[in-house]
Amino acid sequence: MTTPDHPSPASPPPASAAKDRIYRSPLGLAGGALLLLVVLWLGFDALVKGHGRTPWLALAGLILIVPVVIAFTLRPAVFANEDRLRVRNPLRVITLPWGEVASLRSGYSNEVVARSGTKYQLWAVPVSLRARKKAARRQQRAAADAARGVTPGSRGGGLAPGGLGGFSLRGPDTGPTRAETDKIVDDLRELLEHRGEAESAQGEVSVRWAYEVIAPAVAGAVLLVILVALG
(Lines give C-alpha, C1' and ligand atoms only; values in the text may rest on other atoms or scores of the structure.)
Protein backbone atom coordinates (compact mmCIF):
# COMPACT_ATOMS: atom_id res chain seq x y z
CA MET A 1 0.00 0.00 0.00
CA THR A 2 1.34 3.38 -0.93
CA THR A 3 0.73 6.47 1.07
CA PRO A 4 -0.84 9.37 -0.78
CA ASP A 5 1.49 12.17 -1.69
CA HIS A 6 0.86 15.28 0.30
CA PRO A 7 1.10 18.46 -1.72
CA SER A 8 3.98 20.64 -0.69
CA PRO A 9 2.98 23.92 0.91
CA ALA A 10 2.72 26.78 -1.50
CA SER A 11 5.88 28.83 -1.64
CA PRO A 12 5.57 32.54 -0.92
CA PRO A 13 5.31 34.76 -3.96
CA PRO A 14 8.54 36.36 -5.12
CA ALA A 15 9.31 39.87 -3.96
CA SER A 16 8.77 41.21 -7.47
CA ALA A 17 5.13 40.08 -7.27
CA ALA A 18 4.52 42.16 -4.16
CA LYS A 19 1.83 44.75 -4.45
CA ASP A 20 2.99 48.28 -5.15
CA ARG A 21 2.62 51.06 -2.66
CA ILE A 22 1.12 53.95 -4.59
CA TYR A 23 1.73 57.58 -3.63
CA ARG A 24 -0.21 60.41 -5.27
CA SER A 25 -1.10 64.02 -4.47
CA PRO A 26 -4.76 64.34 -3.38
CA LEU A 27 -4.70 68.10 -4.02
CA GLY A 28 -3.24 67.52 -7.46
CA LEU A 29 -5.95 65.01 -8.31
CA ALA A 30 -8.73 67.29 -7.06
CA GLY A 31 -7.34 70.36 -8.80
CA GLY A 32 -6.74 68.44 -12.02
CA ALA A 33 -10.28 67.03 -12.08
CA LEU A 34 -11.77 70.48 -11.50
CA LEU A 35 -9.57 72.11 -14.15
CA LEU A 36 -10.32 69.34 -16.62
CA LEU A 37 -14.05 69.77 -16.02
CA VAL A 38 -13.84 73.52 -16.73
CA VAL A 39 -11.74 73.01 -19.89
CA LEU A 40 -14.10 70.36 -21.27
CA TRP A 41 -17.17 72.46 -20.48
CA LEU A 42 -15.79 75.54 -22.24
CA GLY A 43 -14.40 73.52 -25.14
CA PHE A 44 -17.56 71.57 -25.89
CA ASP A 45 -19.65 74.72 -25.49
CA ALA A 46 -17.50 76.38 -28.18
CA LEU A 47 -17.73 73.28 -30.38
CA VAL A 48 -21.53 73.18 -30.22
CA LYS A 49 -22.39 76.88 -30.21
CA GLY A 50 -19.42 78.38 -32.04
CA HIS A 51 -19.50 79.77 -35.57
CA GLY A 52 -16.93 80.00 -38.34
CA ARG A 53 -13.47 78.88 -37.23
CA THR A 54 -14.40 78.84 -33.53
CA PRO A 55 -15.29 75.12 -33.37
CA TRP A 56 -11.99 74.21 -35.07
CA LEU A 57 -10.01 76.42 -32.70
CA ALA A 58 -11.86 74.88 -29.76
CA LEU A 59 -11.08 71.38 -31.04
CA ALA A 60 -7.39 72.19 -31.45
CA GLY A 61 -7.34 73.77 -28.00
CA LEU A 62 -8.92 70.68 -26.45
CA ILE A 63 -6.44 68.35 -28.17
CA LEU A 64 -3.60 70.48 -26.80
CA ILE A 65 -4.83 71.37 -23.31
CA VAL A 66 -6.50 68.15 -22.14
CA PRO A 67 -3.36 65.95 -22.37
CA VAL A 68 -1.29 68.67 -20.68
CA VAL A 69 -3.74 69.00 -17.79
CA ILE A 70 -3.89 65.24 -17.33
CA ALA A 71 -0.09 64.95 -17.53
CA PHE A 72 0.65 67.51 -14.83
CA THR A 73 -2.22 66.79 -12.42
CA LEU A 74 -3.81 63.34 -12.75
CA ARG A 75 -0.91 61.33 -14.19
CA PRO A 76 1.94 61.78 -11.65
CA ALA A 77 2.34 58.86 -9.24
CA VAL A 78 5.07 56.98 -7.41
CA PHE A 79 4.95 53.17 -7.24
CA ALA A 80 7.23 51.32 -4.84
CA ASN A 81 7.60 47.65 -4.01
CA GLU A 82 10.30 45.38 -2.63
CA ASP A 83 12.36 45.42 -5.85
CA ARG A 84 12.07 48.78 -7.51
CA LEU A 85 10.82 52.35 -7.50
CA ARG A 86 8.75 53.51 -10.46
CA VAL A 87 8.26 57.25 -10.87
CA ARG A 88 5.50 58.35 -13.25
CA ASN A 89 6.12 62.00 -13.99
CA PRO A 90 4.18 64.18 -16.47
CA LEU A 91 6.26 63.28 -19.53
CA ARG A 92 8.37 60.31 -18.43
CA VAL A 93 8.23 57.02 -16.54
CA ILE A 94 11.43 56.21 -14.67
CA THR A 95 12.01 52.73 -13.25
CA LEU A 96 14.84 52.40 -10.74
CA PRO A 97 15.75 49.10 -9.06
CA TRP A 98 16.60 49.80 -5.42
CA GLY A 99 20.16 48.72 -6.11
CA GLU A 100 20.52 51.69 -8.48
CA VAL A 101 19.13 54.28 -6.06
CA ALA A 102 21.82 56.32 -4.31
CA SER A 103 19.57 58.47 -2.13
CA LEU A 104 16.24 60.22 -1.73
CA ARG A 105 16.43 63.97 -1.13
CA SER A 106 13.81 66.25 0.33
CA GLY A 107 14.33 70.01 0.13
CA TYR A 108 12.17 72.41 -1.80
CA SER A 109 11.21 69.37 -3.90
CA ASN A 110 11.43 65.62 -3.40
CA GLU A 111 13.77 63.77 -5.74
CA VAL A 112 15.47 60.42 -6.17
CA VAL A 113 19.15 60.30 -7.08
CA ALA A 114 20.47 57.37 -9.11
CA ARG A 115 23.97 55.96 -8.58
CA SER A 116 24.96 57.59 -11.88
CA GLY A 117 24.23 60.97 -10.29
CA THR A 118 21.08 61.65 -12.33
CA LYS A 119 18.25 63.26 -10.38
CA TYR A 120 14.57 62.60 -10.97
CA GLN A 121 11.90 64.73 -9.35
CA LEU A 122 8.95 63.06 -7.62
CA TRP A 123 6.09 65.10 -9.08
CA ALA A 124 3.48 63.07 -7.20
CA VAL A 125 5.04 63.92 -3.82
CA PRO A 126 5.19 67.73 -3.75
CA VAL A 127 6.73 69.53 -0.79
CA SER A 128 4.45 71.71 1.33
CA LEU A 129 6.56 74.23 3.26
CA ARG A 130 3.46 75.29 5.20
CA ALA A 131 2.77 71.72 6.36
CA ARG A 132 6.44 71.33 7.21
CA LYS A 133 6.39 74.47 9.39
CA LYS A 134 3.23 73.31 11.18
CA ALA A 135 4.78 69.92 11.87
CA ALA A 136 7.96 71.59 13.17
CA ARG A 137 5.94 73.72 15.59
CA ARG A 138 4.13 70.63 16.87
CA GLN A 139 7.48 68.89 17.35
CA GLN A 140 8.73 71.82 19.42
CA ARG A 141 5.58 71.77 21.57
CA ALA A 142 5.85 68.01 22.03
CA ALA A 143 9.49 68.37 23.08
CA ALA A 144 8.56 71.13 25.52
CA ASP A 145 5.76 69.00 26.97
CA ALA A 146 8.14 66.04 27.34
CA ALA A 147 10.63 68.25 29.19
CA ARG A 148 7.84 69.28 31.61
CA GLY A 149 6.69 65.68 32.03
CA VAL A 150 3.41 66.14 30.18
CA THR A 151 2.36 62.95 28.36
CA PRO A 152 1.26 63.31 24.71
CA GLY A 153 -2.49 63.74 24.29
CA SER A 154 -3.10 64.40 27.99
CA ARG A 155 -3.17 68.16 27.62
CA GLY A 156 -6.60 69.57 26.98
CA GLY A 157 -7.64 73.09 26.11
CA GLY A 158 -6.30 75.70 28.46
CA LEU A 159 -4.30 78.86 28.83
CA ALA A 160 -1.16 79.50 26.85
CA PRO A 161 1.19 82.50 26.81
CA GLY A 162 -0.07 85.45 24.77
CA GLY A 163 -3.44 87.14 24.26
CA LEU A 164 -5.40 89.03 26.88
CA GLY A 165 -3.56 89.47 30.15
CA GLY A 166 -0.62 87.50 28.79
CA PHE A 167 -2.66 84.33 28.15
CA SER A 168 -4.85 82.96 25.37
CA LEU A 169 -6.99 79.89 24.95
CA ARG A 170 -5.38 76.98 23.13
CA GLY A 171 -6.98 73.64 22.44
CA PRO A 172 -5.25 70.27 22.48
CA ASP A 173 -2.58 69.91 19.77
CA THR A 174 -3.06 66.43 18.36
CA GLY A 175 -1.86 67.02 14.79
CA PRO A 176 1.00 65.15 13.15
CA THR A 177 4.56 66.11 14.02
CA ARG A 178 5.79 65.16 10.54
CA ALA A 179 4.60 66.55 7.20
CA GLU A 180 2.77 63.95 5.10
CA THR A 181 5.16 64.17 2.14
CA ASP A 182 8.13 63.83 4.50
CA LYS A 183 6.54 60.64 5.88
CA ILE A 184 6.31 59.29 2.33
CA VAL A 185 10.00 60.00 1.72
CA ASP A 186 10.79 58.29 5.04
CA ASP A 187 8.89 55.19 3.86
CA LEU A 188 10.84 55.16 0.59
CA ARG A 189 14.14 55.59 2.43
CA GLU A 190 13.26 52.66 4.67
CA LEU A 191 12.61 50.50 1.60
CA LEU A 192 15.92 51.61 0.10
CA GLU A 193 17.76 50.79 3.32
CA HIS A 194 16.30 47.29 3.59
CA ARG A 195 16.21 46.34 -0.11
CA GLY A 196 19.13 48.20 -1.68
CA GLU A 197 21.43 45.17 -1.48
CA ALA A 198 18.84 42.50 -2.28
CA GLU A 199 19.59 40.31 -5.31
CA SER A 200 16.13 40.79 -6.79
CA ALA A 201 16.46 44.58 -6.47
CA GLN A 202 19.35 44.89 -8.92
CA GLY A 203 19.15 45.94 -12.55
CA GLU A 204 19.34 48.97 -14.79
CA VAL A 205 17.53 52.28 -14.70
CA SER A 206 15.02 52.65 -17.52
CA VAL A 207 13.40 55.86 -18.75
CA ARG A 208 10.40 55.85 -21.07
CA TRP A 209 8.93 58.98 -22.62
CA ALA A 210 5.14 59.31 -22.35
CA TYR A 211 4.36 59.53 -26.06
CA GLU A 212 0.69 58.94 -25.28
CA VAL A 213 0.73 62.43 -23.72
CA ILE A 214 3.29 64.13 -25.96
CA ALA A 215 1.83 63.06 -29.33
CA PRO A 216 -1.72 64.47 -28.93
CA ALA A 217 -0.41 67.65 -27.30
CA VAL A 218 1.98 68.25 -30.21
CA ALA A 219 -0.78 67.48 -32.71
CA GLY A 220 -3.09 69.97 -31.03
CA ALA A 221 -0.37 72.63 -30.95
CA VAL A 222 0.40 72.14 -34.68
CA LEU A 223 -3.29 72.31 -35.59
CA LEU A 224 -3.73 75.45 -33.50
CA VAL A 225 -0.74 77.15 -35.16
CA ILE A 226 -2.05 76.26 -38.64
CA LEU A 227 -5.52 77.63 -37.86
CA VAL A 228 -4.11 80.87 -36.46
CA ALA A 229 -1.72 81.24 -39.40
CA LEU A 230 -4.53 80.76 -41.92
CA GLY A 231 -6.39 83.56 -40.17
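The values are calculated or read from the model by the stated rules, or taken from the named source; none is laboratory data. Predicted, not measured: the structure shown is a model, and the values here were computed from it. Methodologically, a virtual Cβ is constructed for each residue, glycine included, from the backbone with ideal geometry; neighbour enumeration extends over all protein chains shown. Note: accessible area is taken over every heavy atom of the protein model, side chains too, but ligands, DNA and RNA are not part of it. Shrake-Rupley method; radii C 1.70, N 1.55, O 1.52, S 1.80 Å.
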Legend entry - segment 36-120 - accessible surface per residue (Å², probe 1.4 Å): 47
Inset, instruction - Order these peptides, 119-126, 34-41, 224-231, by their mean beta-carbon neighbour count within 10 angstrom, highest first. - result: 119-126, 34-41, 224-231
Legend entry - Phi to ³J(HN,Hα) by Karplus 6.51 cos²θ - 1.76 cosθ + 1.60 over segment 214-230, Hz, x for Gly, Pro: 5, 4, x, 5, 5, 4, x, 5, 5, 4, 5, 5, 4, 5, 5, 5, 6
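Please compute the net charge surrounding D20, taking Lys and Arg as +1 and Asp and Glu as -1 over other residues with Cβ under 13 Å from its Cβ. Intermediate values should be presented prior to the final figure.
On the way: positive: K19, R21, R24, R84, R86, R88; negative: E82, D83, D187.
Around D20, the surrounding residues sum to +3.
How high is the relative contact order of segment 65-111, in percent, counting Cα pairs under 8 Å that sit 6 or more residues apart?
Details: 45 pairs, mean separation 10.9, N = 47.
In percent, rounded to a whole number, it is 23.
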